[in-house]
Amino acid sequence: MLNAAVIGVGTMGRNHARVLASLPHVQLVAVADVNEDAARQAASTYRAHAYTDYREMLEDEPLDLVIIAVPTHLHTAIALDVIKKGVHCLIEKPIARSVEEGEQIVEAARRANVRVTVGHIERFNPAVLELKRRLSTGQLGRIFQIMARRVGPFPPRVSDVGVVFDLATHELNIMEYVVGSPIASLYAEIEQEIHARHEDLLSGLLRFENGTVGVLDINWLTPKKIRELTLIGERGMFQVNYLTQELHFIENGEITDQWDGLVALMGVSEGRHIKYELQRREPLRLELEHFVQAILTDTPPLISPEEALRAVYLAEKMLESGHRRAIVGLDNGRYHEELFAHAKSGWG
């Protein structure tokens, strides 16, 4: 039985507490939050101990697993304290607010031989898992373009980072995972329209090493929440709806013309439209089940801290491009061989 705790019981932290309390092999023993009312309410719901100082909780409780669900700028200090205690931890995405801070977490986890994973939750979305499986069989053929749209209303809870770190890190990780190739260069346009301190709109173009083109449409300015991924390739088009966990495939049909006994290929048309029947599962539950098993079996988690660090590296480069309004090439010699190896693995 793993003794678990949650640090930060805001919206995401409360969801972690809910799922942890229902998992076999896990006992939710404590929660910590600087908001005493929030800590006491969550603790009362799950019959756990409440703390307003997570350091006191780390001293008092015999813990095996901690969820860190606090604002991004607090990730590094808290993660280092948890790792120092020899406790495995899941850090909500992104792993840190900079590559430099993320490297501290990676190195500390290595030295302490502690399992660390990061909440790139869409990697556990059943539609994404099925998409990756079908791409690995060659169903789409060569991927020409991948387009991600992650837009919606402004979330007041996020104040310490902008859309690049909060939202684009999801898509940058997913895109490299499904394309199976690292991003070689990128260009970003960023705008700050309503957020007090950070960018709230990103339009990005990506070039992958294998030639695939990527397009990012991300903002906090759209009144409707949309989470979609589209891939265009040799044999048609895949469409993923993250929210409804739907996966569609539209095959290419052929348009031909014929004259003087010759048949000329004119392009493609809409062929069969297939909607795959998927078993809907809560990605957060799948993520936590997976990490618990990784701890119990002493095996690497799907999302390593190194891979999560790459998402931060890519986010920093998006911001650099946006501020410079220039194409930025990536140093994949440093953040490629070791980190990208993790992104090629599947799960499910």
Quiz item: Are there any pairs, at least 6 apart or on different chains, whose C-beta atoms fall under 9 Å, with the first in region 186-211 and buried (at least 17 other Cβ atoms within 10 Å of the Cβ) and the second at pLDDT 95 or above and of a type in the set (Phe, Trp, Tyr), and if so, which?
Solution: HIS195/TRP220; HIS198/PHE165; ASP200/TRP220; LEU201/TRP220; GLY204/TYR187; LEU206/TYR187; ARG207/TYR187
Quiz item: In region 274-292, how many residues are at pLDDT below 95 and assigned to a helix (DSSP H, G or I)?
Solution: 0
Quiz item: Residues in region 314-333: is at least one at pLDDT below 95 and either among the hydrophobic types (A, V, I, L, M, F, W, C) or outside the structural domain of THR169 (by TED's automatic domain parsing) (or both)?
Solution: yes
Quiz prompt | Residues within region 231-273 that are among the hydrophobic types (A, V, I, L, M, F, W, C) and either surrounded by 19 or more Cβ atoms within 10 Å (Cβ to Cβ) or modelled with pLDDT of 95 or more (or both), tallied | solution = 9
Practice problem: Please specify each residue of region 1-30 satisfying the condition of being under 16 Å from GLU92 (Cα atoms) and touching a Phe, Trp or Tyr at 6+ places or on another chain (Cβ under 7 Å). | Solution: ILE7, ALA17
Quiz item: Since ALA17 meets every condition but one in (1) part of a helix (DSSP H, G or I); (2) in contact with a Ser or Thr (Cβ under 8 Å, 6 or more places away or on another chain); (3) hydrophobic (A, V, I, L, M, F, W, C); (4) farther than 20 Å from LEU284 by Cα, which condition does it not meet?
Solution: (4)
Quiz item: Does PHE144 meet the test of being touching a residue at least 12 places away in the same chain (Cβ under 8 Å), surrounded by 15 or more Cβ atoms within 10 Å (Cβ to Cβ) and among the aromatic types (Phe, Trp, Tyr)?
Solution: no
Self-check item: Filtered residue count, region 122-169, keeping only those that are under 20 Å from PRO94 (Cα atoms) and under 16 Å from the mean Cα position of the chain (by Cα)
Solution: 18
Exercise. Pick out the one residue from ALA196, ALA188 that is part of a loop (DSSP other than H, G, I, E, B) and either of a type outside the set (Asp, Glu) or modelled with pLDDT under 95 (or both).
Key: ALA196
Quiz item: Can you pull out the helices (runs of 4 or more DSSP H) entirely within region 66-166 that have at least 2 residues that are among the acidic types (Asp, Glu)?
Solution: 99-112
Self-check item: Unique match (being among the aliphatic types (A, V, I, L, M), surrounded by fewer than 20 Cβ atoms within 10 Å (Cβ to Cβ) and not assigned by TED's automatic domain parsing to the domain that holds ALA308) among ALA48, ALA38, ALA42, ALA32
Solution: ALA38
Quiz item: Which one of these does SER181 not meet: (1) surrounded by 20 or more Cβ atoms within 10 Å (Cβ to Cβ); (2) within 23 Å of SER304 (Cα to Cα)?
Solution: (1)
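The values are calculated or read from the model by the stated rules, or taken from the named source; none is laboratory data. Model, not experiment: these values are computed from the prediction. Neighbour counts run over all protein chains shown; Cβ positions are idealised from the backbone, glycine included.
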